[in-house]
Each structure stands twice: as C-alpha cells, then as structure tokens.
Amino acid sequence: MKRRDFIKFSAGLGATMATATPLSSAFAQTKMVLKASDVHPLGYPTVEAVVRMGKKLEAATNGRLTIQMFPSMQLGGEKEMIEQAQLGALQIARISVGAVGPVVDDVNVFNMPFVFRNSKHMEKVIDGEIGDELLAKISTNEKTGLIALCWMNAGSRNVYNNKRPVRTIADLKGLKVRMMGNPLFVDTMNALGGNGVALGFDQVFSSMQTGVVDGAENNPPSFIAQNHYQVAKYFTMTEHLIIPELLVFSRISWQKLSPEDQALIKKLAKEAQQEQRVLWYEAENAAIEKMKAAGTEIITDIDKKPFQDAVKPVWDKYGAKYAAMVKRIEAVQ
Ligand code: BDP
C-alpha cells in the first residue's frame with residue numbers, strides 16, 4: 001500500500017472507531033486500537049517506551065485498549081503525523097519539539113540554540129513546572145488539535161558531514177547542513193556559518209549520499225539508527241541544540257475516551273517519560289560505541305564559546321518573546 005493510500009485507509013479506521021461507540025455509554029467501552037507512530041525504528045528508545053506503555057495499557061484494561069505501533073516513518077514524517085493526529089486518523093504521535101514549534105510557538109523556546117546548559121538541565125526543566133506548563137499550553141489550546149502527554153529525552157544535536165572535521169566555526173563555512181523544518185533551525189545553522197537546508201528526516205540519508213547536502217546534525221542514536229554514519233565520517237560534539245521530544249494524543253480521539261481511560265493513559269505516559277530516559281542513555285552509549293567501531297571521527301575537544309557567540313543573531317531575532325521563560329529556565333538548577 002502506498003503511503004497516501006495508507007493514510008486514507010487509516011483515516012477510515014479512525015472513523016469506524018468513533019461509530020463503534022455503544023449507545024449505552026457516551027464513551028467507547030469496546031475494544032479500541034490506538035495507532036501510534038514514530039519516525040524511528042523498533043527498538044529505538046522512544047519507540048520502545050511507547051511499545052512498553054502499550055503493554056501496560058493492555059494489561060490494565062484487560063485488552064480493551066491496545067497500542068499498535070507504526071515505526072520507521074511508515075505514516076510519514078512528523079509534520080504528517082501531526083496532521084493525522086489532528087484529524088483523528090492517528091491517536092499517538094511521538095514527535096520532536098522541533099516539529100511542534102511551528103504549531104505552538106510557546107514550545108519554540110526549547111528550540112533555541114544553547115538554551116539548556118546540558119541534558120541534565122533540560123531534564124530538570126521538563127520534569128518540573130515549566131515542563132508541565134508547556135504540556136498544558138499545547139493541550140488547552142484547541143487550535144493545536146493535540147493533547148500533550150509527556151516529554152522524552154533526545155540528547156543533544158551535533159553537526160556531522162562528509163567533507164572535513166569541524167573543529168571551529170570557520171570549518172563550517174560553506175557546508176550545506178540539513179536542518180529540521182523550522183525556520184529557527186535554518187537561521188541557527190546560517191548564524192554558525194554553514195548553509196542550513198530544511199529537509200524531511202526521510203531525505204537526509206539520500207541527500208548526503210548524492211551531495212544535495214554535505215551533512216546534517218543530530219544525536220548519536222539517530223545518526224546510527226538512520227545509517228547516517230555510512231555517509232558522514234566526521235561528527236563534532238557541538239551540542240548546539242538540546243531538544244526534548246513530545247508524546248501527543250489526537251484531541252478528537254481523546255474526547256472519545258472516558259475520563260478514567262484518559263487518566264490511565266496520562267499516568268502511563270508519565271511513567272514512559274522516566275522509562276524512556278533510561279533507555280535513552282543506554283542507546284546513546286551504544287551508538288557512540290558503534291560510531292567508533294564504524295570509524296567515525298568523533299571530535300569532542302572543541303571550544304564551544306565561539307559557537308555560542310555566533311548564534312546571537314538567532315537570539316536577537318526570536319529571543320525577546322521568550323525572555324521571561326528563558327530567565328525561568330536559566331534559574332532551574
Ligand atoms: C531525531 C528526532 C526526530 C526528528 C529527527 C530529525 O528524534 O523526532 O524527526 O531527529 O532530525 O533526533 O528530523
């Protein structure tokens with residue numbers, strides 16, 4: 001089945017789910033299969049966390065509610081996943097905050113370069129009141145069509161390419177680097193001296209292979225899982241972006257669940273947030289080992305200060321509206 005047909009087919013299924021609601025109850029008490037999607041393959045920390053969440057949900061409801069996982073971009077990229085969730089054709093989408101920024105501007109604060117000191121700082125923020133507040137911003141704004149369930153880790157993003165080792169921002173000059181589809185990221189790469197090119201995640205491998213771009217930027221587990229290490233030899237720990245991930249639920253589908261089921265799913269999602277974190281660090285270590293074994297040149301000894309200074313124009317352009325939130329983020333110890 002072609003992807004387009006599949007999407008139509010899934011939309012049809014979404015509709016059947018709605019009509020299957022018994023008349024005796026306002027909420028579906030019959031079996032419901034919740035479709036979940038991720039761009040990553042089975043076994044990847046985010047995918048595994050949702051698969052485990054599905055098992056718990058199935059056990060807690062005696063098989064009434066189950067999660068069916070569609071991994072590896074089977075339902076398209078994250079923009080498409082958001083659209084399908086908004087239509088109720090997909091119930092659960094695991095997406096990067098990078099893809100949510102264009103839909104909910106408030107979360108773009110997490111997409112600002114070097115906004116977090118490190119991953120631990122980011123974790124404190126998402127686990128605390130700021131994290132809860134931003135989840136609520138997504139859920140209570142009806143225009144999003146989404147209910148935000150929890151956050152997940154995605155480490156930090158680093159520049160890699162197949163031309164030369166990047167040690168200073170001067171080395172980035174002239175390199176075409178794939179960025180996620182959010183103007184903020186293209187501006188970030190341009191400020192660093194490279195040429196930011198917005199492309200879908202599914203196009204990164206072939207674009208590097210054919211020279212459409214010279215490189216990309218991502219965390220080690222994505223670099224390995226998407227086989228980017230086969231086409232990019234030089235990986236520099238720039239850590240310019242530390243972007244958490246989100247697990248969102250379709251608002252249309254959410255409204256068909258009883259308050260008890262909603263509470264159960266929220267609770268399991270909160271557990272998934274912590275479980276995914278453990279899986280994340282295992283995957284990050286394993287990915288770095290694989291990179292070493294594959295002969296990736298990993299550059300760690302860089303002076304980050306010039307990189308941080310170079311993104312000032314991005315802060316000048318976007319930072320003002322997040323100033324109060326950034327102060328609060330910085331205050332999180
Ligand atoms: C990965 C994220 C994924 C993004 C991808 C990207 O897990 O959600 O789609 O980066 O660069 O790290 O598009």
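The values are calculated or read from the model by the stated rules, or taken from the named source; none is laboratory data. Bear in mind that the values here come from a model prediction, so they are computed numbers and not experimental data. Backbone-built Cβ (ideal geometry, glycine too); neighbour counts: all protein chains shown. Heavy atoms of the whole protein, side chains included, go into the accessibility calculation; ligands, DNA and RNA do not. Shrake-Rupley method; radii C 1.70, N 1.55, O 1.52, S 1.80 Å.
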On the protein heavy atoms, probe 1.4 angstrom, tell me the percent of accessible surface of the chain carried by carbon and sulfur. 55 percent
I want the antiparallel fraction of DSSP beta bridges within the chain, as a percent rounded to 5. 55 percent
Range of Cα positions in the range 17-154 per principal axis (Å), largest first: 51, 33, 28
Convex hull volume per residue in cubic angstrom - Cα atoms of the chain: 128 Å³
Folded to 0 to 90 degrees: helix 3-19 orientation relative to the chain principal axis, Cα: 30 degrees
When the convex hull of the Cα atoms of the range 70-141 is projected onto a plane and the area is averaged over all directions, what value comes out in nm²? 5.5 nm²
For the chain, what does -39500 (n - 2.57) per DSSP helix run (n ≥ 4), summed and divided by total residues, give at 222 nm, in deg cm²/dmol to the nearest 500? -14000 deg cm²/dmol
Obtain the nm distance between the two label points defined at ARG164 and ASN227 by a simple spin-label model: each point lies 7 Å from its Cα along the Cα-to-C-beta direction. 2.9 nm
In percent, how large is the relative contact order of the chain, given Cα pairs closer than 8 Å and 6 or more residues apart? 23 percent
Once amide hydrogens are built 1.01 Å from N within the peptide plane, the residues lying 5 or more places from ASN195 or on another chain with amide H under 5 Å from its amide H are GLY174, LEU175, LYS176, VAL177
Longest principal axis of the chain (C-alpha) makes with the long axis of helix 259-294 (C-alpha) an angle, in degrees to the nearest 10, of 30 degrees
Looking at GLY128, ALA154, THR61, which one has the Cα that reaches farthest to the positive end of the dipole of the chain (charges on Cβ: Lys, Arg +1; Asp, Glu -1)? THR61
LYS305 to ASP127: FRET efficiency via 1/(1 + (r/R0)^6), r the Cβ-Cβ distance, R0 35 Å, to the nearest 0.05? 0.75
How much FRET efficiency would the formula 1/(1 + (r/R0)^6) give for LYS317 and THR30, where r is the Cβ-Cβ distance and R0 is 56 Å, rounded to 0.05? 0.65
Run the Debye formula on the Cα coordinates of the range 240-333, all scatterers equal and no solvent, and tell me log10 I(q)/I(0) at q = 0.15, 0.18, 0.20 1/Å. -1.02, -1.10, -1.11
Residue-span extension gain [GLU83 to ALA263] - 0.36 nm each, minus C-alpha spacing: 62.4 nm
Cα pairs beyond 21 Å in the range 71-217, in percent, come to 50 percent
Per residue accessible area in Å² of the chain, where ligands, DNA and RNA are left out and the probe is 1.4 Å: 42 Å²
Cut-off 20 Å, label 7 Å out along Cα→Cβ of ARG328, residues of the range 96-111 by amide N: 97-98, 100-111
Does a label point 7 Å from the Cα of LYS292, set along Cα-to-beta-carbon, have any residues of the range 186-222 with amide nitrogen under 16 Å, and which are they? 220-221
Along the Cα-to-Cβ line of GLN203, 7 Å from the Cα, sits a label point; which residues in the range 145-169 have backbone N less than 19 Å from it? 160-162
Simple Cβ-charge dipole of the chain, Lys/Arg +1 and Asp/Glu -1, about Cα centre, in debye nearest 20: 400 debye
